[in-house]
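A.B. asks: Here it is, the structure in full.
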Amino acid sequence: MTHSRRALIWAGLALTLIAAGWGVWSNERILADGRVVLLELAPVDPRSLMQGDYMALNYALANDLRREQPEQDMRDARADGYAIVRLDERRLAKLARAQPEAQPLGADEIAIRYRVRNGQLRIATNAFFFQEGREPEFSTARYGEFRVSDSGEPRLTALLDANFARLGNNRY
């Protein structure tokens, strides 16, 4: 193997490790510094609610956005945008409007990024994974607790029951 080829391999490995480290660091920043926002869970097909060691998730906010967005937008790959929400006294998000950019925001508003893929509107994750055999503990989930970055990226940190109590052992 030539010296230049070996150098390219090492450079590629270094870039891969830097990219992975940046991704981890960026997610940790959101979890540490993001604003706490609660999203109400919306029912999903009960036949797929619990499958093995994960729960399929849907959000009332996504349903509100679907009602607001024209059907044509859902087929457009460029339909990604931001749900602009206001929080009530429990930090539960309510849709104020949708817009293509995270700004401008009112003083009491938060932007949450959504994506449209294959005609499906997605906010954050559509699944919550837990240890096998713990389905009964999480089946009472009514809210998802998120940390949301200033740029609108949401990260699911916990599931909550109807009384806003955390379900399971959570790090945050």
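Nothing in this text is a laboratory measurement; each read-out follows from the coordinates by a stated rule. On a predicted model such as this, the values are computed, not experimentally measured, just so you know. In this analysis, Cβ positions are derived from the backbone assuming ideal geometry, glycine residues included, and neighbour counts consider all displayed protein chains.
A.B. asks: Between Leu156 and Arg67, how many nm apart are label points set 7 Å from Cα along the C-beta direction?
C.D. replies: Rounded to a tenth, the inter-label distance reads 2.3 nm.
A.B. asks: Could you give the nm distance between label points at Ala165 and Glu89, where each point is 7 Å from its Cα heading toward the beta carbon?
C.D. replies: Distance between the two pseudo-spin positions: 2.1 nm.
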